[in-house]
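Undergrad: Have a look at this one before I ask anything.
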Amino acid sequence: MTAKEDFEPKILAFLCNWCSYAAADLAGSSRMQYPPQIRVIRVPCSGRIDPFLLIRAFNSGADGILVSGCHPGDCHYLDGNYYARRRFLMLKELMQYAGIAEERVNFTWCSASEGKRFAAIVERVVNRIKEVGPWEGFDGRGFARREEEMASGE
Amino acid sequence: MESKYSEISKNIQEEAKKLLSQGKVERIIGFGRGVFTGEITPIFVTEPERAEELLFTPECDMMLAKYLLDYKGSKTGIVAKPCDTRAITVYLAEELIKREDIFIIGINDCEGLEENDACEECGVRNPVVVDLEIGQPREEEIEVEIADELEDMSPEERFEYFQKEFSRCIRCYACREACFVCACDECFVDSNQPQWVGSSIGKRDNFTFHLMRAMHMAGRCINCGACEIACPEGINMRALTKHLYRAARDVFQFEPGLNPEEKTLFATYRLDDSEQGFLD
């Protein structure tokens with residue numbers, strides 16, 4: 001296992017096409033610096049994000065997730081994020097109760113003009129997850145060793 | 001005690017006979033004794049002569065509501081405990097069945113079943129939706145609390161506890177078959193495009209399965225305990241779903257299966273829903 005200091009988390013960021021993805025785009029095109037540990041997945045709307053996708057992310061070895069959609073009231077599809085908000089809150093309750101550190105499960109809103117805010121959020125999320133350390137998986141075996149095994153072809 | 005149940009059984013038999021001979025329903029789903037074992041099992045009565053086979057005892061722990069989905073579009077009678085009527089209410093709220101297709105013979109003043117811990121946490125002792133009542137309704141309300149046995153544990157302890165519990169799971173899906181919520185056309189565990197969760201037994205996939213299962217139950221599960229009775233490994237099946245039940249009740253003031261007009265938790269929203277725990 002790598003030391004905690006140079007631990008590079010893998011974070012899946014589910015961004016809605018209309019606001020948060022545009023915010024990430026803005027952050028990029030305005031040359032803002034933010035940590036490179038997020039992997040962006042563009043989805044049509046935060047209401048499209050099935051909670052199963054988020055649980056599956058942890059099953060597959062993501063150290064944390066970040067979900068961002070339009071601010072409530074600004075959804076391109078009018079009310080997609082209102083539906084999503086309930087689902088995310090319940091998912092957070094579930095994950096917390098099951099003992100997955102709450103720092104790994106992050107939800108926020110980001111509008112298309114908030115490039116600066118997006119960069120700040122990513123930095124915050126990366127720091128939060130760095131603090132709790134690598135995700136050892138539901139079986140507690142860890143993913144780093146598995147990757148090494150795969151790389152060495154065993 | 002005995003006499004109370006035999007009286008209920010007699011009432012059910014009489015009413016069932018009437019309904020079937022008058023042609024008000026095509027069949028009645030209820031409880032009866034199995035042919036070989038003599039244990040309580042669901043039975044389907046279509047002729048008035050067979051109405052005497054219908055019984056009600058403290059062992060009637062199956063949830064019959066799920067069978068209604070097999071008989072959509074034809075008038076079906078059902079012998080329903082209060083929890084069955086809650087299940088039917090969830091179906092009605094999700095528009096899975098039509099009210100005019102079913103005839104509910106509801107049992108009043110349910111005292112809870114043997115060998116079902118969930119009954120102690122249930123405050124609904126009279127049917128929620130009903131066409132014909134058996135027995136006198138219970139007047140006084142009972143105060144119950146949906147217990148949280150894991151309250152005192154730290155998140156790490158809970159994680160270990162669940163890991164241990166779920167590692168016993170043999171993925172037989174008896175919980176799914178017993179649960180009335182599990183009425184999807186294709187269950188997520190059977191889907192392989194996408195494959196949500198691996199189908200083999202292992203700590204990792206078992207934990208994922210139980211998390212996903214609990215997430216599917218949110219806003220639908222009425223905490224009836226059928227999954228726990230069905231589980232051959234004796235896993236604490238209700239721990240996660242119970243927590244979500246409490247969360248939905250406390251955060252959204254929503255309890256499933258109490259009002260057929262009310263949409264289920266995830267089928268609606270309010271503008272001022274809580275954002276507790278979201279990054280600002």
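The values are calculated or read from the model by the stated rules, or taken from the named source; none is laboratory data. Small disclaimer: the values here were computed from a predicted structure and weren't measured. FYI the Cβ positions are ideal-geometry reconstructions off the backbone, even for glycines, and counts take in every protein chain you see.
Undergrad: From the list A:Arg141, A:Arg117, which residue is more than 7 Å from chain B (Cβ to nearest Cβ) and either buried (at least 16 other Cβ atoms within 10 Å of the Cβ) or not in a loop (DSSP other than H, G, I, E, B) (or both)?
TA: A:Arg117
Every residue, every condition in (1) assigned by TED's automatic domain parsing to the domain that holds B:Arg238; (2) without any contact (Cβ under 8 Å) to a residue 12 or more places away in the chain; (3) surrounded by fewer than 15 Cβ atoms within 10 Å (Cβ to Cβ), yes or no:
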| site | (1), (2), (3) |
| --- | --- |
| B:Tyr91 | no, no, no |
| B:Glu95 | no, yes, yes |
| B:Cys110 | no, no, no |
| B:Cys122 | no, no, no |
| B:Val129 | no, no, no |
| B:Ile146 | no, no, no |
| B:Glu149 | no, no, yes |
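Undergrad: Do you know which of the residues in region B:151-182 that are surrounded by fewer than 17 Cβ atoms within 10 Å (Cβ to Cβ) and hydrophobic (A, V, I, L, M, F, W, C) is nearest to the other protein chains (Cβ to nearest Cβ)?
TA: Result: B:Met153.
Undergrad: A follow-up question, please. Select, from B:Ala239, B:Ala214, the only residue that is under 30 Å from A:Phe143 (Cα atoms) and buried (at least 21 other Cβ atoms within 10 Å of the Cβ).
TA: Result: B:Ala214 is the single residue among B:Ala239, B:Ala214 that is under 30 Å from A:Phe143 (Cα atoms) and buried (at least 21 other Cβ atoms within 10 Å of the Cβ).
Undergrad: Is one or more of the residues making up region A:85-108 among the basic types (Lys, Arg), facing chain B (nearest Cβ under 7 Å) and touching a strand residue (DSSP E or B) at 6+ places or on another chain (Cβ under 6 Å)?
TA: yes
Undergrad: What about B:Glu186, is it farther than 30 Å from B:Arg125 by Cβ and either in the same structural domain as B:Phe254 (by TED's automatic domain parsing) or surrounded by 20 or more Cβ atoms within 10 Å (Cβ to Cβ) (or both)?
TA: Considered against the rule, which asks whether it is farther than 30 Å from B:Arg125 by Cβ and either in the same structural domain as B:Phe254 (by TED's automatic domain parsing) or surrounded by 20 or more Cβ atoms within 10 Å (Cβ to Cβ) (or both), B:Glu186 comes out as yes.
Undergrad: Another question about this same structure. Which residue is nearest to B:Arg158 (Cα to Cα), if the candidates are limited to region B:183-215 and must be more than 9 Å from chain A (Cβ to nearest Cβ) and of a type in the set (A, V, I, L, M, F, W, C)?
TA: Within region B:183-215, the match that is nearest to B:Arg158 (Cα to Cα) is B:Phe209.
Undergrad: Quick check: anything in region A:58-74 in a loop (DSSP other than H, G, I, E, B), facing another protein chain (nearest Cβ under 9 Å), touching a residue at least 12 places away in the same chain (Cβ under 8 Å) and under 30 Å from A:Glu148 (Cα atoms)?
TA: no
Undergrad: Now for a different question. Residue under question is B:Ala51, and the condition is that it be within 17 Å of the chain's Cα centre (by Cα), surrounded by 19 or more Cβ atoms within 10 Å (Cβ to Cβ) and touching a residue at least 12 places away in the same chain (Cβ under 8 Å); does it hold?
TA: Taking the combined requirement at face value, the residue does not satisfy it.
Undergrad: Among the numbered criteria (1) within 22 Å of A:Glu123 (Cβ to Cβ); (2) in contact with a helix residue (DSSP H, G or I) (Cβ under 8 Å, 6 or more places away or on another chain); (3) not hydroxyl-bearing (Ser, Thr, Tyr), which single criterion is violated by A:Ala57?
TA: (2)
Undergrad: Give the residue that is nearest to B:His243 (Cα to Cα), with candidates limited to residues of region B:173-222 that are part of a helix (DSSP H, G or I) and touching a residue at least 60 places away in the same chain (Cβ under 8 Å).
TA: The residue in question is B:Cys175.
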